[in-house]
Structures are given as structure tokens and as C-alpha cells.
Amino acid sequence: MTKFMLTDEEKQQYNRQIIIPGIGETGQEKLKKARVVVAGGGGLGSVISTYLTAAGLGTLRLVDNDTVELSNLNRQILHWGKDIGKAKATSAKEKLSQLNKNINIETINVRIEESNVSELVAGFDIIVDAMDNMPTRYLLNKTAIKYGIPFVHGAVFGLEGRAMTVIPGKTACLRCIYHGTQLDGKKPVLGTTPAIIGSIQATEVIKYFTGIGTLLTSRLLIYDGLNMKFTELKVTRDKNCQLCGDSNHTERK
Amino acid sequence: MSVNIKVATYLQPYIGGKENLEVEGKTVRECLNHLVVQFPEMKEMLFDKDGKLLDYISVFISGDVAFEDQIDNPVKDGDILTILYVIGGG
């Protein structure tokens, strides 16, 4: 018996997804073996980490250096009124570890920067983007490309959201589709927008590990909550991409 | 060339609340200029004061991205040109 075989309790705990065609106990064991970094513990990170914890992703590392504020509570569902002033890493760990005692949850209270990002993702199988700013997203995308780690992008603004999965060297990366950063200032967000986009990102992670379905690669999914429409923009990997373009292969591992 | 331009939600109020419309032009720049002629408020949403495409705007020509360096790329009749701006919240 390997350490990734399911216990009787786990078979019962994850039964409703084990019976999904294509997942089965083998797929659940793959999830148990999976190591995921969730970068950000805010609106997107709350939803992504909750569903990945519930789904039994074996090792979940959540990175966030913020503290919980009153204005977070409309959307950051891992953090509650009693948590105001507490580190989001601490607040997240309290909730997630109660949700599922059968996985390894590690929360790290640091700011993701050029100097520590390699260490934060080393040994992990996938990076999930739950950041609240573009510079750190670009840094995570760059790191994912450098080490060949799949990257699941998500972002929100008001009632609009976007998501795309990046398989380094094979599919369009974040730099193939965006260059700049959004204007400064407070970003409006309705709580349901990260709920939808974060759920899509968590779905992508589960599909990636279990191998079911078709990933959201080289397709930018655009959610327009105002008009309640989902549109898909097919995007081509940019051969001239400053990061993953054909002339930059040497940068990748 | 007749090209269909689609704009992201946030920009739709600047083109009369529409999601898409037809413009004429042989290049991405000409198409965007034709859009701006019809909807002058779009100018500052797309271009800086030197007339360069803002760095947080991405234009896709039927899937291929165009930033400022590719703005003179040709378009074909029937192309769909999608204008997105970066969104960065989480």
C-alpha cells in the first residue's frame, strides 16, 4: 500500500466525485498526490483553496501577506467578521484545516517577490493565480514558464472575470495576451465574480490532475456578469512573446 | 475591408452601449481610427497622448494579438477584432 492509496474514510469523503466517469479512485489518488500553490488568499484564493481542499488535493500551499480588513468581507469568503486584523494566512488555515483534515495545508505569510518566488513554487505541480495585481501575476507567469509549471490564470473586475490555463511552451501564456497593468486605485468587485472565476480555476486544476475533459488552454474565457454572458476568445501563442516565444526557449528548463 | 470590432464590457459605454460594430480599414490602426472617428471618447481609452496604443489594451485580430508594435498589421475582410483591457483584481 502506497501512501497515496485512499483510506476507507477518504473513499467515502470523496465518493460523489469518485463516481464521476473518468475520475474514479485512480483519479482521486492523483489528486491526493498533487501539490498546488495558490498565490493569493483574497476573493479568488478563498474560493480556489476552499474547493481544492474539499476535493482532496493532497498538498495545498496558500501564499498571502495581507491582513483581513472589513472591506474584504463582501467577497473573501474564507475570512469572517471575527478575523479582522488577523493575517489572511492564519485565517485561511483555520478554516481549511477544519474543512479537510486528510490533506496537507500550508499557509505562508509572505509577499511574493522576484527574490522568493522560485523557492515558493519549487517542488509544486501547478500554480494558481489568485493575485490582486498584474505585476505579481506577470512574475508568477514568468516563473511558471521558466520552470515548466502549469499556471491557471484568473482575474476579476466588477462583474467581469477572465480565466485561462497556461501549459508552458505549448499554449498561450499571460504575456502572449497582456502587456500592461491596470490603472491604479481601488478595484470594484462583486463577491460573486471571484466565486465564478475561482470555481473555474479550481475545476481546471482538478481536470489537470485527473486528466478528464479539455483544459482552458489558448482560450481566454471572459465572464460578463452584467449581461450574463460567457464568451471565449481563441488566442494564439505569440511566436514573438517576450517570455514564451520561440526565441526564448533557452530560458525554459 | 470591413471588420467587426468587439469591445470588452468596460469599454461598451464609450461606443453607445454596443458590444460590437462594423468598421472599415486595411490595418488594425485604421480600424481603430475609424472607431475613434465615430466615438471620439474612445480615443483616450485606447491611445496615449502621443497616439500610441495604451499598454494595458490588447487587440486580437481573429485570435492573434496586436500590441503597439503590431498595430500596422493588415486585417482581412470579415476579421473579428477584439479589444480587451487588462483586468487585475482578485
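Every read-out reported here was derived from the displayed coordinates using simple, explicitly stated rules and does not represent laboratory data. These numbers come from a predicted model, not from an experiment. Counting neighbours? That spans all protein chains shown, and the Cβs are built from the backbone with ideal geometry, glycine included.
Set side by side, the residues A:Val68, A:Val37, A:Val47 differ, and just one is among the β-branched types (Val, Ile, Thr) and closer than 16 Å to A:Leu120 by Cβ, which is A:Val37.
Any idea which residue in segment A:22-55 is nearest to the chain's Cα centre (by Cα), counting only those that are within 20 Å of A:Ile196 (Cα to Cα) and part of a loop (DSSP other than H, G, I, E, B)? Ranking the candidates gives A:Gly40 first.
This table checks each residue for (1) among the aliphatic types (A, V, I, L, M); (2) in contact with a His (Cβ under 6 Å, 6 or more places away or on another chain); (3) within 27 Å of A:Ala34 (Cα to Cα); (4) surrounded by fewer than 16 Cβ atoms within 10 Å (Cβ to Cβ).
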{"site": "A:Gly185", "(1), (2), (3), (4)": "no, no, no, yes"}
{"site": "A:Val189", "(1), (2), (3), (4)": "yes, no, no, no"}
{"site": "A:Leu216", "(1), (2), (3), (4)": "yes, no, yes, no"}
{"site": "A:Val235", "(1), (2), (3), (4)": "yes, no, no, no"}
{"site": "A:Cys241", "(1), (2), (3), (4)": "no, no, no, no"}
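Among the residues of segment A:143-161, those that are touching a Leu at 6+ places or on another chain (Cβ under 6 Å) and either surrounded by fewer than 24 Cβ atoms within 10 Å (Cβ to Cβ) or over 25 Å from A:Lys229 (Cβ atoms) (or both) comprise A:Ile145, A:Leu159. Of the numbered criteria (1) of a type in the set (Ser, Thr, Tyr); (2) more than 14 Å from chain B (Cβ to nearest Cβ); (3) within 17 Å of the chain's Cα centre (by Cα), the one A:Thr90 fails is (3). Has segment A:192-202 got any residue that is surrounded by fewer than 23 Cβ atoms within 10 Å (Cβ to Cβ) and touching an Asp or Glu at 6+ places or on another chain (Cβ under 8 Å)? Within segment A:192-202, not a single residue is surrounded by fewer than 23 Cβ atoms within 10 Å (Cβ to Cβ) and touching an Asp or Glu at 6+ places or on another chain (Cβ under 8 Å). For the structure I just gave you, tell me whether A:Ser71 is within 14 Å of chain B (Cβ to nearest Cβ), out of contact with any Gly (no Cβ under 8 Å at 6 or more places or on another chain) and surrounded by fewer than 20 Cβ atoms within 10 Å (Cβ to Cβ). Against the criterion (within 14 Å of chain B (Cβ to nearest Cβ), out of contact with any Gly (no Cβ under 8 Å at 6 or more places or on another chain) and surrounded by fewer than 20 Cβ atoms within 10 Å (Cβ to Cβ)), A:Ser71 qualifies.
Of all the residues in segment A:156-186, those that are in contact (Cβ under 8 Å) with a residue 24 or more places away in the chain and closer than 24 Å to A:Ser247 by Cα number 16.
Looking across segment A:80-99, the residues that are in contact with a strand residue (DSSP E or B) (Cβ under 9 Å, 6 or more places away or on another chain) and assigned to a loop (DSSP other than H, G, I, E, B) come down to A:Ile84, A:Gly85, A:Lys86. Scanning segment A:21-35 for residues that are out of contact with any helix residue (DSSP H, G or I) (no Cβ under 6 Å at 6 or more places or on another chain) and closer than 23 Å to A:Phe151 by Cβ turns up A:Lys32, A:Lys33, A:Arg35. A single member of A:Glu119, A:Glu106 is under 23 Å from A:Leu31 (Cβ atoms), more than 14 Å from every other protein chain (Cβ to nearest Cβ) and surrounded by fewer than 19 Cβ atoms within 10 Å (Cβ to Cβ), and it is A:Glu106. Of the strands (runs of 3 or more DSSP E) lying entirely inside segment A:128-232, none contains at least 3 residues that are out of contact with any strand residue (DSSP E or B) (no Cβ under 6 Å at 6 or more places or on another chain) and more than 14 Å from chain B (Cβ to nearest Cβ).
Counting only strands (runs of 3 or more DSSP E) that sit completely within chain B, those holding 1 or more residues that are of a type in the set (Ser, Thr, Tyr) and touching a residue at least 12 places away in the same chain (Cβ under 8 Å) correspond to B:2-7, B:57-61, B:80-85. Scanning segment A:139-155 turns up no residue that is free of Cβ contacts under 8 Å to residues at least 24 places away in the same chain and out of contact with any Asp or Glu (no Cβ under 8 Å at 6 or more places or on another chain).
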